[in-house]
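The values are calculated or read from the model by the stated rules, or taken from the named source; none is laboratory data. Computed from a predicted structure; not experimentally measured. Positions of Cβ are generated from backbone atoms using ideal geometry, with glycine treated the same way; all protein chains shown enter the neighbour counts. Ligands, DNA and RNA are excluded from the accessible area calculation, which covers all protein heavy atoms including side chains. Shrake-Rupley method; radii C 1.70, N 1.55, O 1.52, S 1.80 Å.
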Amino acid sequence: MAEFVRSDPSMWEAIFADPSVPLDRSVVRQIIDDQRRPSRRWLYPIAMVLSRVLVTIIRVLKRVLPFRWMPLGTMDFLCVWFLRRCVSPDAVDLLLRHFVIETNLVNFIIRNTPVGIEPVTLRPESLSELGDQAVVEHDVNVYDVLIALDVVPLVARDPLDFRQLDIPPLDAERHRRRLVRLDIQTALCFMNIPFSLALSSEEYRRAVHSMRFDDSFLEILAVITGDDTFRHWKLAGMSLWMDSNVDVPRMVYRHALVCEYAHAQLVKLAGGQYPRDTAVEFD
């Protein structure tokens, strides 16, 4: 066998080829392309600091003036406008995809445990569906299913109910002209500002803390399915660690990746297979 020699390896090509990543190759390529946007390299470091400073000031002032500074409807309008005009279609697609995937995970747990609550319906297929307090509902669904699990035994189930693991066609409005095409992480930095303005202090804290339940969900999925793979993606993010003074956009991005990994593993357990596109080239 000829020896493989590579003097100048590509980081992106290695990430794409990493066999431990369980995601569909087209999704991996979409994520990589988003990370390679100029805004991610040049604007994100500035947006990250600016967002953190402004949100900290807003949260401190809200302790003195504890009222809703912005209607939730205004927050929805601003965020949808921002996504339509300032964020790349691929990044919007990834955001819509996350809402669907997290709902699929929540519903998988509901269908495979005797929690006695109806499956949730938040599966936005278009940008307009991200209005009507979708962000708040997205977080509330996580809390509702965890609270419902308090009164039921958590055991492995056989057979498993794998319904509704599909991703419907998503409309990121690719036809619409953008002023700029930001990557998803830079976009999250800017969107965190109206979130902090519109949500009450308790709602914002609840939203941030919801991401500390990622490890809880991975453990629940591991128990239900009997598959230890889910435990490999835990980060020791204990839900009892009640600290909301964190880098929220960074946490959101990791949360979305964890959900992608968990969802891909469920699809694999259901018998689905992800193709590996070996023809992709990286500059």
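Taking 35 Å as R0, compute the FRET efficiency from the Cβ-Cβ separation of residue 69 and residue 164 and round it to 0.05.
E(calc), rounded to 0.05, equals 0.40.
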Rounding to the nearest 20 debye, state how big the charge dipole of the chain is about its Cα centre with +1 on each Lys and Arg Cβ and -1 on each Asp and Glu Cβ.
1020 debye
Non-local residues with an amide H under 5 Å from the amide H of residue 126, with H modelled 1.01 Å from N and Pro and chain starts lacking one, are 171
What helix-only [θ] at 222 nm does the chain give? Using -39500 (n - 2.57) per DSSP H run of at least 4, over all residues, to the nearest 500, the answer is -17500 deg cm²/dmol
Would you list 241, 69, 81 from the most to the least accessible area, probe 1.4 Å?
241, 81, 69
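Hey, got the dipole for the range 193-236? About the Cα centre, +1 on K and R Cβ, -1 on D and E Cβ, debye to the nearest 20?
It comes to approximately 140 debye.
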Using a 1.4 Å probe on the protein chains only, how many percent of the accessible area of the chain belongs to carbon and sulfur?
59 percent
Accessible area in square angstrom per residue, the chain, 1.4 angstrom probe
53 Å²
With an 8 Å cut-off on Cα pairs and a minimum separation of 6 or more residues, tell me the relative contact order of the chain in percent.
30 percent
Using a/c under 1.5 as the rounded threshold, could you call the range 1-74 rounded, prolate or oblate? The axes a ≥ b ≥ c are square roots of the C-alpha gyration tensor eigenvalues, and prolate needs a/b larger than b/c, oblate otherwise.
prolate
Label assignment, semi-axes √(5λ) of the Cα gyration tensor in Å derived from the structure, set (i) 29, 27, 18; (ii) 30, 23, 19; (iii) 56, 23, 16:
(i)
With all protein chains in place and a 1.4 Å probe, residue 21 shows an accessible area in Å² (nearest 10) of 20 Å²
Around residue 62: net Lys/Arg minus Asp/Glu count, Cβ-Cβ under 15 Å
+3
Using only protein heavy atoms and a 1.4 Å probe, report how much of residue 57 is accessible, in Å² to the nearest 10.
90 Å²
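Put 261, 204 in order of accessible area, largest first, 1.4 Å probe: what do you get? Please list the in-between numbers first.
Working: 261 50, 204 15 Å².
The residues order as 261, 204, largest area first.
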Taking 0.36 nm per residue of sequence separation and subtracting the Cα-Cα distance, how much length would be gained by fully extending the chain between residue 80 and residue 15, in nm to one decimal?
20.3 nm
Expressed in nm to one decimal, what extension gain is obtained for the pair residue 232 and residue 59 from 0.36 nm per residue of sequence separation less their Cα-Cα distance?
58.8 nm
On the full set of protein chains, 1.4 Å probe, figure out the accessible area of residue 251 and give it in Å² to the nearest 10.
40 Å²
Starting from one equal scatterer on each C-alpha and no solvent at all, send me the Debye-based log10 I(q)/I(0) for the range 110-188 at q = 0.23, 0.27 Å⁻¹, two decimals.
-1.23, -1.39
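Would the range 20-114 count as rounded, prolate or oblate if I go by the C-alpha gyration tensor, calling it rounded below 1.5 in a/c and otherwise prolate when a/b exceeds b/c, oblate otherwise? Please report the intermediate quantities before stating the final value.
Numbers: a/c = 2.06, a/b = 1.25, b/c = 1.65.
Oblate, since a/c reaches 1.5 and b/c is not below a/b.
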Percentage, to the nearest whole number, of Cα pairs in the range 129-249 over 19 Å apart
63 percent
Descending accessible area (1.4 Å probe), largest on the left, turns 82, 108 into 82, 108
With residue 265 itself left out, Lys, Arg at +1 and Asp, Glu at -1 over residues whose Cβ is under 12 Å from its Cβ give -1
Any residue on another chain or 5+ positions along whose placed amide H is under 5 Å from the amide H of residue 182 is listed here as 87, 88
Going toward the positive end of the dipole of the range 49-143, with +1 on Lys and Arg Cβ and -1 on Asp and Glu Cβ, which of 64, 100, 50 do you reach last?
64
Long-range alpha-carbon pairs in the range 82-153, meaning those over 19 Å apart, account in percent for 39 percent
